[in-house]
Structure formats: structure tokens, C-alpha cells
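To start, the structure itself, in C-alpha cells.
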Amino acid sequence: MQNIAVVTGASSGIGAATARRLAGEGFHVVVAARRADRLDALVKEIGPNATAVECDVTSDDSVAALAAAVAALGAPVTLLVNNAGGARGVDPVATGSVDDWQWMYDVNVLGTLRVTKALLPALEASGRGTIVTVGSTAAFTPYEGGGGYVAAKHAETALVGTLRLELCGKPVRVIEVDPGMVRTDEFALNRFGGDQDRADSVYAGVREPLVADDIADCIAWAATRPQHVNVDRLVVRPVAQAAQHKVHREQ
């Protein structure tokens, strides 16, 4: 029986790239996200090694339905990739949108909590479980205009670190992958409310920002190490980004 990998936020970007890569590594991949049409297209692309489950990680009922659908497949669940997340807005704290902050916390932090809680029993029962959470370099470095996202990602990394301590002695690894600048079709576009010019400006002059496949490669590498090897935190940036505030841009 194929081992099952569950990937949230799988309708685009890093999530979709990770699903493709894990299917290539021999997993049966359950792709979960809100946009069913995107998931159906991804499953068609991957083939029989993928199953689509429409899921909203901000809904307890939706996450419970995801766990039930995974259980119905009847195979060991050995990998969860908590990838669902995102950013909204670049307001300073003084004028920050409470609605945007609430959304970022619910998706990045509580979404990770909901899905982890729902699938942890199956991961532990497999005897060789792994949880990979996709965080961000924002999880440990604040920057102007990033207050809500930084706060959410700090909370997410605290959740991951706490979980690793609490699962010590149990057969579940806890891994965090923290990307820096990654150019995807939607992350910056969603952050700027659909303003393509502002989204493009984030990457202006950067010859080679990371792309989704780069992060999928890192996730697959960490998840396929021998089971006694735990990669606590993997920080991944493009060469052009020395730090959150230090990016080389060609003129």
C-alpha cells in the first residue's frame, strides 16, 4: 500500500508543486484546498497517485471532513504538509486592518492547528509520521509593513516548536521549512489585493528569486530523510536575498 501524504493549500504555488513532487517520490497525495476546480485539474495532471479533497482550513467541519476522506483511503498516513497560508496587506501597525490580521492568524496559525490535530492520530498510528509546516523567514525577522503576517508566522513557528517538544518520544517528526523570497503566481498578488504592478515590484531587479519547485524540492528532501533524522528548521532564500531587508537588485 502506498503511504499517504496530505498537502494543504495545494491548489497553486508551493502546495501544487509539492504535491507533484511527492507523487513522484511514491506517495499517494491528498491535495486539499478551497478551489475544487484547481484541485481537479491538478489530480488530472498527476494521475492515479492523487486524490482531491475540497477543504477550508478555517472551518472545523471542513477539516474534519478532510480527515474522514483521508481515513477512507485505507492506507497509512505518513506525511502532512501544512502549506495553507498567506498574507494580506502591508499596512503599518498604527493603521493595521484588524480583518486582515484576523484572516492571517486564522489561516496560518489556527489552520495549521486544525489540520494537525485532525491528522495527528493517523500520523502517529503509522509509526513513521512526519509533519512539515511551511513557515516563512517572517517567522523570525520583523519588517516594516509586515506586522500582521510577521505576527502570524511567529505564532506558527511557536506552534511547531511546541509540538516538537510534546511529541518527543513518539514516532512523528516535526519539520519547519521557512522560505524567503519566492515568486509564485498568487502570493504577492493576493497580498496587494490583485494589484499586479505592486506584486511585480516585489521581485523587480532580482535575477533569480526562488520558485515553488525550489521549496517543493526542499520539502521532499526533508520528508524523505531516514526516519531517525529530523530537520528541525530549514531556512531557504535566493542568493540575492542575504536577509529580509537586504536584497540585491540589478538596475
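So the values come out like this:
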{"quantity": "The one condition in (1) open to solvent by less than 40 Å² (accessible area, probe 1.4 Å); (2) in contact with a helix residue (DSSP H, G or I) (Cβ under 8 Å, 6 or more places away or on another chain); (3) assigned to a loop (DSSP other than H, G, I, E, B) that Thr58 fails to fulfil", "calculated": "(1)"}
{"quantity": "Top-ranked residue in the stretch 217-245 [being of a type in the set (Val, Ile, Thr) and assigned to a loop (DSSP other than H, G, I, E, B); ranked as nearest to Leu79 (Cα to Cα)]", "calculated": "Thr224"}
{"quantity": "Total residues in the stretch 40-60, condition closer than 28 Å to Trp101 by Cβ and touching an Asp or Glu at 6+ places or on another chain (Cβ under 7 Å)", "calculated": "1"}
{"quantity": "Elements of type helices (runs of 4 or more DSSP H) in the stretch 71-173, at least 1 residues being closer than 27 Å to Thr184 by Cβ and acidic (Asp, Glu)", "calculated": "98-105, 147-166"}
{"quantity": "Number of the exception - Asp197 against (1) open to solvent by 20 Å² or more (accessible area, probe 1.4 Å); (2) charged (D, E, K, R); (3) modelled with pLDDT of 95 or more", "calculated": "(3)"}
{"quantity": "Filter result (touching a residue at least 60 places away in the same chain (Cβ under 8 Å) and of a type in the set (A, V, I, L, M)) within the stretch 70-119", "calculated": "Val70, Leu73, Ala75, Val77, Leu79, Leu80, Val81, Ala84, Ala87, Val90, Val115, Leu119"}
{"quantity": "Looking only at the stretch 19-52, and only at residues there that are assigned to a helix (DSSP H, G or I) and of a type in the set (Gly, Ala, Ser), the one that is farthest from Gln2 (Cα to Cα)", "calculated": "Ala36"}
{"quantity": "Flag for Ala67 being in contact (Cβ under 8 Å) with a residue 40 or more places away in the chain, surrounded by fewer than 23 Cβ atoms within 10 Å (Cβ to Cβ), not acidic (Asp, Glu) and not in a loop (DSSP other than H, G, I, E, B)", "calculated": "yes"}
{"quantity": "Every pair of residues 6+ apart whose Cβ atoms lie under 8 Å, when the first sits in the stretch 227-251 and is farther than 30 Å from Leu167 by Cβ while the second is open to solvent by 100 Å² or more (accessible area, probe 1.4 Å)", "calculated": "Pro238/Glu208; Val239/Glu208; Ala240/Arg207; Ala240/Glu208; Ala240/His248; Gln241/His248; Ala242/His248; Glu250/Arg207"}
{"quantity": "Residue satisfying all of: in the stretch 148-194; open to solvent by less than 40 Å² (accessible area, probe 1.4 Å) and among the acidic types (Asp, Glu); farthest from Val236 (Cα to Cα) among these", "calculated": "Glu186"}
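The values are calculated or read from the model by the stated rules, or taken from the named source; none is laboratory data. Everything numeric in this text was worked out from a predicted model, so none of it was measured. All Cβ positions, glycine included, derive from the backbone under ideal geometry; neighbour counts span all protein chains shown. In case anyone asks, the SASA skips ligands and DNA or RNA and just uses the protein heavy atoms, side chains included. Shrake-Rupley method; radii C 1.70, N 1.55, O 1.52, S 1.80 Å.
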